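*Asks:* Let me begin by handing over the structure; questions about it come next.
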Amino acid sequence: MEQKNRPVEMISICSTEGRILPVRFRFEAEDRSIRTVQISEVVSSKEISYVGVEAILYICKVKMEELERLLELKYTVRTHRWVLFRVIY
């Protein structure tokens, strides 16, 4: 399953301190079906700036295709867009 820089629709929670916590997302798979993925744990998050573009990277545990996977999701602050940046395992 090669999922790199794939746009996703995200449901997230914003805390009273302004932190964004991803909860669930969906994306279009290679077979053109829509897949919904529940995030079981946010392992880590960090703010980055690459060539002046601010983003937040999230390492998350999810269950996909009956397997637990570790994913990296990226939220671009200026455009408010989410992408499935990469599948770690």
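*Asks:* Would you check which residues across region 40-86 are more than 12 Å from the chain's Cα centre (by Cα) and in contact (Cβ under 8 Å) with a residue 40 or more places away in the chain and list them?
*Replies:* Met64, Glu65
*Asks:* Another question, then. Can you tell which of Leu67, Leu71 is under 14 Å from Asn5 (Cβ atoms) and of a type outside the set (Val, Ile, Thr)?
*Replies:* That would be Leu71, the only listed residue that is under 14 Å from Asn5 (Cβ atoms) and of a type outside the set (Val, Ile, Thr).
*Asks:* Restricting the search to region 8-22, which residues are in contact with a strand residue (DSSP E or B) (Cβ under 6 Å, 6 or more places away or on another chain) and either at pLDDT below 95 or surrounded by fewer than 12 Cβ atoms within 10 Å (Cβ to Cβ) (or both)?
*Replies:* Ile13, Cys14
To keep it simple, each residue is scored yes or no on (1) over 18 Å from Val87 (Cα atoms); (2) surrounded by 12 or more Cβ atoms within 10 Å (Cβ to Cβ); (3) β-branched (Val, Ile, Thr).
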residue	(1), (2), (3)
Phe25	no, yes, no
Arg35	no, yes, no
Val42	no, yes, yes
Ser49	yes, no, no
Val53	yes, no, yes
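The values are calculated or read from the model by the stated rules, or taken from the named source; none is laboratory data. Small disclaimer: the values here were computed from a predicted structure and weren't measured. Cβ sites come from the backbone with ideal geometry, for glycine too, and all protein chains shown count toward neighbours.
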